[in-house]
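Undergrad: Just passing along the structure, written as structure tokens.
Values in this text are rule-based calculations from the coordinates and carry no lab data. Because the structure is predicted, anything quoted here is derived from the model rather than measured. Neighbour counts run over all protein chains shown; Cβ positions are idealised from the backbone, glycine included.
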Amino acid sequence: MIDKRIKTIASVLSDISDGATIMVGGFGEAGSPIELIHALIDNGAKELTVINNNTGNGEVGLAALIGNGQVKKMICSYPRSSHSKVFPELFRAGKIELEIVPQGTLAERIRAGGAGIPAFYTATTIGTPLSEGKEIRNIKGRDYVLEYGLVADFALIKCEEADRLGNLTYNKTARNFNPIMCTAAKVTIVQARKFVEVGDLNPEHVITPNIYVDRIVEVTTPLIESQLIEKGARYP
Amino acid sequence: MSSNTTEKAGWNREEMAQCAARDIPNGSYVNLGIGIPELVARFVPDGREFIYHTENGLLGMGPSPEPGQEDPELINAGKRAVTAVPGASFFHHGDSFTMIRGGHIDVCVLGAMQISQTGDLANWSTGAPDAIPAVGGAMDLVAGVKTILVISQHTTKNGIPKLVENCSYPLTGKSVVSRIYTDLAIIDVTPKGFQLVSLAPGVSFDEVAAKTDAPLLPPTIATKES
């Protein structure tokens, strides 16, 4: 019998080691797999390359992982926000690398990576500093820049419901990057708010088909990042 | 009649947003940038229906929820709590930017740091050496959305013109802006440069021209209004 459910969060990502490339779902706090990120802090792997739209908030979740010195490079579209302090300080001190990617190009690079498409052309960034040094090709009278697909060793994902096979649903705008990241990693690790039985999910409503999912752990009441920040919490 | 004090001349933020809303056709799929552009949603003219898209995966975005009803998993691209209207849909980032980059969104209203007379837009970075670059979805929006409208103060807080011959800040996109709504005027970007469409109350052509760092054409020359 196939069963991708794992009992404890500590064992779900114990094989992530130094130098890994990790996609982390979420857009700000929505859809951010905060318990998996905290487990990665406990795991202690270093020299990580992390792909996420942002760089975390306060001193919990992704910001805490960065603050703990585990991240060598961030690939993201928007590394600042009203509550992001950790990344800007390290970046200004030259202690972390940044690859800035427009949000749609980031999404498409992940989608392409997951679909086995090594590269694609897009009009986004034409005429801007972000296309400098990249291959540009004129197709039917318009300039496009070559962008490469992105893949990762691991993806850390937050979903709403999951069955033992790994079929997933999401909640509202917490879906964001999570489904495409599931497709682009060698090992996709999911925290689900609720385990359901196989057959409970209407096949018409499954958002991530189970083929993209490797491990699932249940976190029934995930921490809410904004509430932690209000309290001034930090991890560990 | 209104008073003639200079403080009262021009449009405020709400009025600028109202001007932009009037120009958006019924049935448009609209993406609103953060800040003044968000106010456009308050001024939909009677009889028109717009459907709002937000980059983080929602088509059919509604207004802010009542206090206490905020859901941290129902937010807009500015990461603020929103609602979903009846008929709304959620989708992942790949689909969301398919809507943007595939030319399915009709109108995007954005803020600006600078706009050039050829419609170049700079709104993501001052290019300062210690600035942390953060682009978000702006470059995708200007590359993919059919019509780009800009709402912006006519000058910076220090009185420096934002409408210029050439942008000095790093570009978000080249030749992308169609029309600009400022506190002083509505201005089109035409093949001949900036052209006045209409003036805010109490504002003269000469004042707008003086505060624009590029030639300004009067509205009489070949104005093609939709």
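Undergrad: If one puts a single equal scatterer on every Cα of the protein assembly as shown and applies the Debye formula without solvent, what log₁₀ I(q)/I(0) results at q = 0.08, 0.14 Å⁻¹?
TA: -0.49, -1.32
Undergrad: In addition: Give the average over all directions of the projected area of the C-alpha convex hull of region A:1-88, one decimal, in nm².
TA: On the way: hull surface 23.7 nm².
Over all viewing directions, region A:1-88 projects a mean Cα-hull area of 5.9 nm².
Undergrad: Using Cα-only point scatterers and the Debye equation, what is log10 of I(q)/I(0) for chain A at each q in 0.18 Å⁻¹, rounded to two decimals?
TA: Once normalised to I(0) and log-transformed, intensities are -1.34.
Undergrad: Tell me the net charge near B:Gly103. Cut-off is 15 Å between Cβ atoms, B:Gly103 excluded, with +1 for each Lys or Arg and -1 for each Asp or Glu.
TA: Numbers: positive: A:Lys140, A:Arg142, B:Arg101, B:Lys146; negative: A:Glu108, B:Asp95, B:Asp106, B:Asp140.
Taking every other residue near B:Gly103 into account, the sum is 0.
Undergrad: Take the alpha-carbon centre of region B:154-226, take the same for region B:57-95, and report the distance between them in whole Å.
TA: 33
Undergrad: A further question on this structure: Residues of A:37-43, mean number of Cβ from any other protein chain within 10 Å of their own Cβ, rounded to a whole number?
TA: Counting other chains' Cβ atoms within 10 Å and averaging over A:37-43 gives 0.
Undergrad: Could you rank the peptides A:194-202, A:127-135 by their average count of other C-beta atoms within 10 Å per residue, with the highest value first?
TA: Working: A:194-202: 12.4, A:127-135: 15.8.
Ranked from most to least packed, the peptides come out as A:127-135, A:194-202.
Undergrad: Using only C-alpha atoms and all pairs of different ones, pull out the Kirkwood radius for chain B in Å with one decimal. Walk me through the numbers on the way to the answer.
TA: Values: mean 1/r = 0.0546 Å⁻¹.
It is 18.3 Å.
Undergrad: Tell me, what is the percent relative contact order of chain B, built from C-alpha pairs under 8 Å that lie six or more residues apart? Present the calculation step by step, with values, prior to reporting the outcome.
TA: Working: 470 pairs, mean separation 43.5, N = 226.
In percent, rounded to a whole number, it is 19.
Undergrad: Hey, got the average number of other protein chain Cβ atoms within 10 angstrom for residues in B:83-94?
TA: On the way: counts 0, 2, 0, 0, 0, 1, 0, 8, 6, 16, 17, 12.
Mean shielding count: 5.
Undergrad: Still on this model: To the nearest 10 degrees, how steep is helix B:13-22 against the longest Cα principal axis of chain B, on a 0 to 90 scale?
TA: For B:13-22 against chain B, the angle is about 80 degrees.
Undergrad: Here is a follow-up. List the aspartates and glutamates whose Cα sits under 17 Å from the Cα of A:Lys4, skipping any in the same chain fewer than 8 residues away.
TA: Reachable aspartates and glutamates: A:Asp15, A:Glu160, A:Glu161, A:Asp163, A:Glu197, A:Asp200, A:Asp214, A:Glu218.
Undergrad: Another question, if that's okay. Per residue of A:74-81, count partner chain C-beta atoms within 10 Å of its C-beta, then hand back the mean as an integer. Don't skip to the end; give the middle numbers.
TA: Values: counts 0, 0, 3, 9, 10, 4, 4, 3.
Averaged over the peptide's residues, the number is 4.
Undergrad: Between region A:46-105 and region A:106-126, how far is it from one alpha carbon centroid to the other, in angstrom?
TA: 21
Undergrad: What percentages, rounded to whole numbers, describe P(r) for region B:4-114 computed over all alpha carbon pairs with 10 Å bin width beginning at zero?
TA: 13, 43, 32, 9, 3, 0
Undergrad: Any lysines with Cα under 28 Å of the B:Lys211 Cα? List them, leaving off those in the same chain fewer than 8 positions away.
TA: B:Lys8, B:Lys157, B:Lys162, B:Lys174, B:Lys192, B:Lys224
Undergrad: Hey, another quick one. With an 8 Å Cα cut-off and a minimum separation of 6 or more residues, compute the relative contact order for region A:157-236 in percent.
TA: Values: 125 pairs, mean separation 29.2, N = 80.
Worked out over region A:157-236, it gives 36 percent.
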